[in-house]
Amino acid sequence: MHYLISLKARAILCYLTAAAGLVGSLTACPGGGGESSSPSVTASVAVSGTVAGTRIVAMNDNDQILAQDDTAGRAATAPGQFPFTLIDLLTAQNLRLFFVSNGMVFPFYLGSTNVFSFNAGGQSNLGFVTMNMATGRSTPQFPPQNFTTKPENPSLPPGLIPAAVPTVSVASPLPGASVPVGPVSLSFAVQHHTIGNPGSSHLHIYLDNDPVAYHFYGGTGIDVDNGVLYNGVHTHFVHWNTGASFEIFGLPSGSHQVRLILADGSHAELTNPEAATTRIFTVQLPPSGDLQLQPVLTGLNFPVGLALAPDGRLFFNERLTGNIRIINQQWQLVNTPFCQISVATSGEQGLLGLALDPAFTQNHFVYVYYTASGATMNRVVRYTESSGLCSQETVILDSLPVNSIHNGGIIQFGPDGKLYVVIGDAGNSANSQSLASLAGKILRVNSDGSAPSDNPFFSNVNANAKKVFALGIRNSYGFTFHGHTGHLWQTENGPGDSDEINRITSSGNYGWPTVRGIAGNPSFLDPILSYTPTIAPTGILAIPENSTVYPSAYRNNLLFTAWNDGRIRRIVLSGADLTQLGTSSTSYNGGQGGLLSLMLGADGYVYVSNAGGIYRIIPQ
């Protein structure tokens with residue numbers, strides 16, 4: 001670091017103009033350095049300059065502090081340069097200056113000595129002073145005028161470095177930074193505090209106005225699945241990246257705030273001021289794409305599982321409250337919930353999937369996938385709708401695998417009238433390749449939960465295997481049946497790479513955990529597309545071939561959404577049976593935060609939800 005110090009006599013001034021700037025000296029202009037004449041009177045000197053995050057101390061021969069300053073909280077006069085001042089330093093007394101920064105002391109040296117005295121009063125300007133990490137010394141660009149050097153005193157006075165205190169600081173993004181829409185990476189530095197495993201000292205992260213902290217860990221065995229926990233579990237909002245960085249997903253455009261606070265093993269937050277820091281930044285509004293989002297209903301509570309009834313009403317789940325809600329034909333939220341279910345909501349649990357019976361007009365059946373209270377199981381149940389309320393609960397699939405992560409939960413009826421259910425690997429990747437487990441599978445069942453006789457593994461003696469349609473699934477938040485071909489298309493979340501778009505076929509094995517992405521292994525089916533780094537794809541839907549609201553080039557295309565960057569991507573299918581990849585592109589560039597579910601509305605538009613509302617997807 002460099003410092004600027006100006007020297008100007010109180011009585012008579014002379015100015016010397018140099019290439020680096022204006023330096024003031026005494027009018028008599030006696031010797032510029034080394035031994036000089038003794039002062040005739042005792043006067044004082046004011047030393048000023050700039051520094052970044054440094055304490056400056058002036059001492060005499062007896063290790064007494066004569067003057068000091070600290071630049072903390074001061075506005076910069078230039079990048080990395082904060083003003084300081086040391087006043088009333090007497091002439092004819094031996095001085096030592098010390099710059100204290102980041103727990104290190106840099107004695108101020110003039111040539112081979114760190115002891116000197118001023119010969120006359122005034123102000124001192126030393127130009128830029130460099131703190132050299134290699135030598136441990138600080139030196140001036142322009143030596144002071146009218147001074148006398150004295151024998152070196154290499155001893156380091158006690159007390160210059162205060163007792164070590166835990167500190168945390170943010171390295172990036174910079175204060176007030178404007179960052180692109182999508183994942184925001186935040187890196188930080190910690191001193192005198194250990195970021196360890198759960199049960200030991202760690203870091204708390206507060207995002208925007210959420211009063212609940214994310215707990216950041218960095219000890220042995222910590223990775224992306226357990227490095228950041230919210231209420232004790234992994235989420236898709238804040239992800240561990242390294243022991244000193246994390247990523248924030250699903251942020252909408254606008255101003256955001258992250259606060260970091262060091263904490264001990266019992267989650268008690270440290271109280272010294274240096275143990276906390278706040279960083280404010282802005283997520284940019286991205287450029288327009290082919291598609292835009294038009295808000296239809298906002299102020300909702302994490303709406304997922306959008307399902308349109310034949311009479312024009314829209315049913316959806318509030319994932320975190322356990323309420324199934326109805327929006328009427330005028331796009332007004334009905335005040336009374338259709339159904340209230342007691343659900344567990346830790347991590348990726350909650351009220352997850354929703355589907356209406358193909359014969360809803362006749363039977364008014366509503367199917368829902370949820371995590372039972374206490375997280376004892378996931379289950380699929382059926383209700384009967386009567387005057388906007390649920391009744392007659394019937395269990396369709398019980399005791400489904402459960403975990404705080406990878407529960408899947410999307411359900412839909414296929415064109416064959418069968419109910420399809422996607423279940424994640426429940427946090428145990430070995431489940432996905434075992435037909436004895438329902439985890440890591442796409443199930444195909446009759447509307448009563450029984451296994452159809454034409455299922456691919458129906459002849460297997462295991463009751464679970466009979467219900468399996470496809471396997472090798474890790475964790476999926478969306479699938480759809482193409483309106484023209486009837487093909488089943490699915491979005492798949494990879495661990496930290498290889499998010500996938502798959503065409504699901506009967507008995508198909510999609511490789512997890514043996515392979516992922518486009519592996520070219522003949523034992524498994526490759527996705528049509530794979531994304532690294534991950535984008536966390538969610539809902540997926542096919543534009544009808546007879547659409548009148550989207551451009552003709554969009555017909556029979558797939559649209560899918562993503563949580564991490566909030567974008568909508570378009571897949572143009574090719575080949576006679578529309579099973580091959582033509583092109584892929586981004587149609588909506590984000591700005592509304594992470595996106596969740598897709599639904600085709602009665603008006604021909606596609607609708608999408610985010611954490612707080614439902615939007616109509618309109619072409620530009």
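Scanning segment 576-620 for residues that are buried (at least 16 other Cβ atoms within 10 Å of the Cβ) and among the β-branched types (Val, Ile, Thr) gives 586, 606, 608, 614, 617. Take residue 506 and decide whether it is hydroxyl-bearing (Ser, Thr, Tyr), part of a loop (DSSP other than H, G, I, E, B) and either farther than 30 Å from residue 178 by Cα or out of contact with any helix residue (DSSP H, G or I) (no Cβ under 7 Å at 6 or more places or on another chain) (or both). Yes. Note on segment 84-96: among residues that are surrounded by 17 or more Cβ atoms within 10 Å (Cβ to Cβ) and not in a loop (DSSP other than H, G, I, E, B), the one that is modelled with the lowest pLDDT is 84. Just one residue in the set 559, 525 is in contact (Cβ under 8 Å) with a residue 12 or more places away in the chain, among the aliphatic types (A, V, I, L, M) and crowded, with 22+ Cβ neighbours inside 10 Å; that residue is 559. Looking at segment 545-560, can you tell me whether even one residue there is of a type in the set (A, V, I, L, M) and closer than 20 Å to residue 307 by Cβ? Yes, because at least one residue in segment 545-560 is of a type in the set (A, V, I, L, M) and closer than 20 Å to residue 307 by Cβ.
Residues that are hydroxyl-bearing (Ser, Thr, Tyr) and buried (at least 17 other Cβ atoms within 10 Å of the Cβ) within segment 502-520 comprise just one, 510.
If you filter segment 211-247 down to residues that are closer than 22 Å to residue 270 by Cα and more than 14 Å from the chain's Cα centre (by Cα), you find that the one that is surrounded by the most Cβ atoms within 10 Å (Cβ to Cβ) is 217. If you scan segment 242-279, which residues turn out to be aliphatic (A, V, I, L, M) and assigned to a strand (DSSP E or B)? Correct list: 248, 258, 260, 261, 262, 263, 276. Considering only segment 525-536, I want to know if a residue exists there that is under 27 Å from residue 184 (Cβ atoms), assigned to a strand (DSSP E or B) and not hydroxyl-bearing (Ser, Thr, Tyr). Checked segment 525-536: at least one residue is under 27 Å from residue 184 (Cβ atoms), assigned to a strand (DSSP E or B) and not hydroxyl-bearing (Ser, Thr, Tyr). Output yes when any residue across segment 358-373 is under 32 Å from the mean Cα position of the chain (by Cα), under 25 Å from residue 480 (Cβ atoms) and not aromatic (Phe, Trp, Tyr), and no when none is. Taking every residue of segment 358-373 in turn, at least one turns out to be under 32 Å from the mean Cα position of the chain (by Cα), under 25 Å from residue 480 (Cβ atoms) and not aromatic (Phe, Trp, Tyr). Scanning segment 537-553 for residues that are outside any loop (DSSP other than H, G, I, E, B), surrounded by fewer than 21 Cβ atoms within 10 Å (Cβ to Cβ) and not hydroxyl-bearing (Ser, Thr, Tyr) gives a single hit, 553. For segment 411-425, taking the residues that are among the charged types (D, E, K, R) and either at pLDDT below 95 or over 35 Å from the mean Cα position of the chain (by Cα) (or both), the one that is farthest from residue 467 (Cα to Cα) is identified as 416. State the number of residues belonging to segment 483-501 that are surrounded by fewer than 23 Cβ atoms within 10 Å (Cβ to Cβ) and among the β-branched types (Val, Ile, Thr). Qualifying residue count for the region: 2.
Rundown of residues vs (1) of a type in the set (A, V, I, L, M, F, W, C); (2) more than 30 Å from residue 192 (Cβ to Cβ); (3) not assigned by TED's automatic domain parsing to the domain that holds residue 248, yes/no style:
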| site | (1), (2), (3) |
| --- | --- |
| 87 | yes, yes, yes |
| 94 | no, yes, yes |
| 99 | yes, no, yes |
| 105 | yes, no, yes |
| 113 | no, yes, yes |
| 120 | yes, yes, yes |
| 142 | yes, yes, yes |
| 157 | no, no, yes |
| 173 | no, no, no |
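Filtered by the rule that a residue be within 24 Å of residue 355 (Cα to Cα) and of a type in the set (Gly, Ala, Ser), segment 567-620 gives 594, 597, 601, 602, 604, 609, 611, 612, 613. The residues listed here are 187, 172, 178; of these, the one that is over 23 Å from residue 261 (Cβ atoms) and in contact with a strand residue (DSSP E or B) (Cβ under 6 Å, 6 or more places away or on another chain) is 178. Residues in segment 97-117 that are in a strand (DSSP E or B) and within 40 Å of the chain's Cα centre (by Cα) were compared, and the one that is surrounded by the fewest Cβ atoms within 10 Å (Cβ to Cβ) is 104. Note on segment 453-481: residues that are surrounded by fewer than 22 Cβ atoms within 10 Å (Cβ to Cβ) and either aromatic (Phe, Trp, Tyr) or in a loop (DSSP other than H, G, I, E, B) (or both) total 13.
When segment 579-620 is filtered for residues that are under 30 Å from residue 311 (Cβ atoms), over 26 Å from the mean Cα position of the chain (by Cα) and in a strand (DSSP E or B), the ones remaining, listed by number, are 599, 600, 606, 616, 618, 619. I need the full set of residues from segment 118-145 which are of a type in the set (S, T, N, Q) and part of a loop (DSSP other than H, G, I, E, B), in order please. Scanning segment 118-145 gives 119, 135, 141, 145. Across segment 515-531, the qualifying residues are those that are hydrophobic (A, V, I, L, M, F, W, C) and in contact with a Gly (Cβ under 9 Å, 6 or more places away or on another chain), and the one among them that is nearest to residue 504 (Cα to Cα) is 525. I want to confirm something. Restricting to segment 422-476 and keeping residues that are aromatic (Phe, Trp, Tyr) and in contact with a strand residue (DSSP E or B) (Cβ under 7 Å, 6 or more places away or on another chain), which single residue is nearest to residue 393 (Cα to Cα)? Here the residue is 469.
The values are calculated or read from the model by the stated rules, or taken from the named source; none is laboratory data. Keep in mind that what you see is a predicted model, and the values were worked out from it rather than measured. Note that we place each Cβ from the backbone using ideal geometry, even for glycine, and neighbour counts take in every protein chain shown.
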